[in-house]
Amino acid sequence: MPHLILEHDVALAKTHDLAALSQALFDAACAHPVFASAPKAVKVRTLLFDNGRSGVSPESYAHLTIRMLTGRSTEQKKDVAEAMLAVLADQLPSIGSLSVEPVEMDRNTYTKRTL
């Protein structure tokens, strides 16, 4: 927790440094007050989609899902979403559509193992 999952199209993968983008998202998440107490728990990954359509022009897109444990207020989730959208906008100024969706994971059933 949290998991930041960036879905994107082929064009973004060809034109942007996804490692640098992932690092910028990671750094922003670790620094955000909602997650700052547990930076070792932050995970970022990207998912490439070969096919997709969008109604905007340019038709490129990036969508960030932030999966986090339950227990945060609507205001906290909105603040995290806006902070991550600012990172996306800074890193991806020419992408047609940027979006962020906080999604809750049930704290009572989420399990993980770390070394």
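Mind listing whichever residues of the range 29-69 are of a type in the set (S, T, N, Q) and more than 16 Å from the chain's Cα centre (by Cα)? SER37, ASN51, SER54, SER57, SER60, listed by residue number. Remark: pairs (first residue in the range 96-108, in a loop (DSSP other than H, G, I, E, B); second residue of a type outside the set (A, V, I, L, M) and surrounded by 13 or more Cβ atoms within 10 Å (Cβ to Cβ); Cβ separation under 6 Å; 6+ apart in sequence or on different chains) = GLY96/GLU59; GLY96/SER60. Restricting attention to the range 56-98, the residues that are more than 17 Å from ALA31 (Cβ to Cβ) and of a type in the set (Val, Ile, Thr) add up to 5. Filtering the range 70-94 to residues that are within 15 Å of ALA36 (Cβ to Cβ) and over 11 Å from the mean Cα position of the chain (by Cα) leaves ARG72, GLN76, ASP79.
Checked against (1) closer than 29 Å to VAL10 by Cα; (2) in contact with an Asp or Glu (Cβ under 6 Å, 6 or more places away or on another chain), THR70 meets all criteria but (1). Just one of the listed residues (LYS14, LYS43) is surrounded by 13 or more Cβ atoms within 10 Å (Cβ to Cβ), basic (Lys, Arg) and more than 15 Å from LEU85 (Cβ to Cβ), namely LYS43.
Selection of the range 55-77 for residues being in contact (Cβ under 8 Å) with a residue 12 or more places away in the chain and exposed (fewer than 13 other Cβ atoms within 10 Å of the Cβ) yields VAL56, SER57, PRO58, THR70, GLY71.
Scoring ALA38 on the criteria (1) of a type outside the set (S, T, N, Q); (2) closer than 30 Å to THR109 by Cα; (3) in contact with a helix residue (DSSP H, G or I) (Cβ under 7 Å, 6 or more places away or on another chain); (4) modelled with pLDDT under 95 leaves a single failure, condition (3).
The values are calculated or read from the model by the stated rules, or taken from the named source; none is laboratory data. Note that the structure is a prediction, hence the values are computed from the model and not measured. As a convention, Cβ positions derive from the backbone with ideal geometry for all residues, glycine included, and neighbour counts pool all protein chains shown.
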